[in-house]
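Here is the structure we will look at, set down as structure tokens.
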Amino acid sequence: MRKFLSALAVLFVVQPAALAEIKPYVGGGVSVEEVPYNQTEISGMIVGGIDFNKNLGIEGELLIGGETNYGASVFASGKFPVFKSLKLHGRLGAFVHNREAVNFCGSNRCSSYGSGTANYLGVAYGVGAEYQILEGPLSAKFDVTFYTPLETSGDGYRRNDKDTWDMVSGSIIYRF
């Protein structure tokens, strides 16, 4: 019984210290994507996440606008502090996107071939940096992310769609 009570006491002492490092954040920004066949699309984005400590976290992104009807991604992220106000990070996760149809005839874009939307589900990974602004709760975050669809379906899907696409994004983050 003493061992149980001792373990319970340690749990109550250690848990608040571990939770003290958990820091949620939210923000918004802009993304520029190069999607199949060299199309460029600009979307707004909402970002949010939780840092479990100074090196590990989880984050999500929601794309809004452009030819993306919706796009959502979730990532596990590893962070490496370089200076007091600068962190580099890598991230790995999954995504689901629903886009307007990519319309093509052979290797050239056609304006009258195909219609509808395409659903993409797959793996996303990337690297980036975050810079804390004036030692306050705001920071600027920049990412380069690569998307690899594992499953694609819908009226707008073409078998010759490019296998991967990439996105560059910038956002302003507020940490609580």
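The values are calculated or read from the model by the stated rules, or taken from the named source; none is laboratory data. Since the model is a prediction, treat every value here as computed from it, not as a measurement. Using ideal geometry, Cβ is built from the backbone for each residue, glycine included, and neighbour counts are taken over all protein chains shown. Side chains included, ligands, DNA and RNA excluded: accessible areas come from the protein's heavy atoms. Shrake-Rupley method; radii C 1.70, N 1.55, O 1.52, S 1.80 Å.
If GLY156 satisfies all but one of (1) modelled with pLDDT under 75; (2) exposed (fewer than 13 other Cβ atoms within 10 Å of the Cβ), what's the number of the condition it fails? The failed condition is (2). For residues that are at pLDDT 90 or above, open to solvent by less than 40 Å² (accessible area, probe 1.4 Å) and part of a strand (DSSP E or B), tally how many sit in region 79-120. Residues in region 79-120 being at pLDDT 90 or above, open to solvent by less than 40 Å² (accessible area, probe 1.4 Å) and part of a strand (DSSP E or B): 6 in total.
Scanning region 135-152 for residues that are modelled with pLDDT under 95, over 11 Å from the mean Cα position of the chain (by Cα) and in a strand (DSSP E or B) yields a total of 5. Restricted to region 40-78, and to residues there that are at pLDDT 85 or above, open to solvent by less than 30 Å² (accessible area, probe 1.4 Å) and charged (D, E, K, R), the residue that is nearest to PRO24 (Cα to Cα) is ASP51.
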